[in-house]
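Structure record follows, encoded as structure tokens.
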């Protein structure tokens with residue numbers, strides 16, 4: 001009957017291995033978190049650039065189209081009321097678009113969820129292994 005080398009290891013050796021493996025696990029998790037945060041920063045930059053470019057294009061077209069709409073409505077109603085109506089409608093649309101953009105950039109949507117979940121699992125595993 002042979003003795004398994006794993007069973008004959010001393011407690012200090014086992015604790016040393018546990019500490020080394022736990023340290024390596026958290027180093028690896030740290031790398032994962034940094035990579036995921038880097039991806040989120042790139043996502044923010046891309047979203048910001050798209051928002052700015054889209055806003056500039058929409059602003060130019062909005063000015064032209066609102067002028068045309070005021071002129072068209074001015075033939076139906078008083079031109080001052082036509083301008084007020086067009087301005088209010090455009091303002092409401094702008095508020096809705098700003099709210100949607102703000103929601104997409106909230107911290108909740110940008111959190112590194114996979115890494116945080118994995119860290120919680122790893123923490124539980126370490127607790128179970130030390131019992």
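Every number in this text was worked out from the coordinates using simple rules, so none of it is lab data. Please read these numbers as outputs of a predicted model, since none were measured by experiment. Every residue, glycine among them, receives a Cβ derived from its backbone with ideal geometry; neighbour counts consider all protein chains shown.
Looking at the chain as a GNM with Cα springs under 10 Å, which of 79, 112, 12 has the largest mean-square fluctuation?
Between 79, 112, 12, it is 12 that shows the largest mean-square fluctuation.
Treat the count of other C-beta atoms within 10 Å as a stand-in for reagent exposure and order 78, 122 from fewest to most.
78, 122
Report the extension gain between residue 106 and residue 66 in nm, rounded to one decimal, defined as 0.36 nm multiplied by the number of residues separating them, less their alpha carbon distance. Intermediate results must be reported in sequence, preceding the final value.
Details: separation 40, 0.36 × 40 = 14.40 nm, distance 3.14 nm.
That pair, residue 106 and residue 66, stretches by 11.3 nm at full extension.
Helix 11-74 versus the longest principal axis of the chain: what angle, 0 to 90°, nearest 10, using Cα atoms?
With rounding to tens, the tilt is 10 degrees.
Relative to the first principal axis of the alpha-carbon coordinates of the chain, what is the inclination of helix 79-104, with its axis defined by its Cα atoms, in degrees from 0 to 90 and to the nearest 10?
0
Ranking 115, 8, 38 by Cβ neighbours within 10 Å, fewest first, what do you get?
Lowest to highest Cβ neighbour count: 8, 38, 115.
Taking the Cβ of each residue in 60, 70, 126 as the centre, tally the other Cβ atoms inside 10 Å and list the residues starting with the fewest.
Ascending number of Cβ neighbours within 10 Å: 60, 126, 70.
Quick one, which of [x] 29.8, 104; [y] 18.6, 62; [z] 15.6, 52 is the actual Rg and Dmax of the Cα atoms in Å calculated for this model?
Identified label for the calculated read-out: [x].
Which angle between 0 and 90 degrees, to the nearest 10, do you get for helix 113-130 versus the longest principal axis of the chain when only C-alpha atoms count?
For helix 113-130, the angle is close to 20 degrees.
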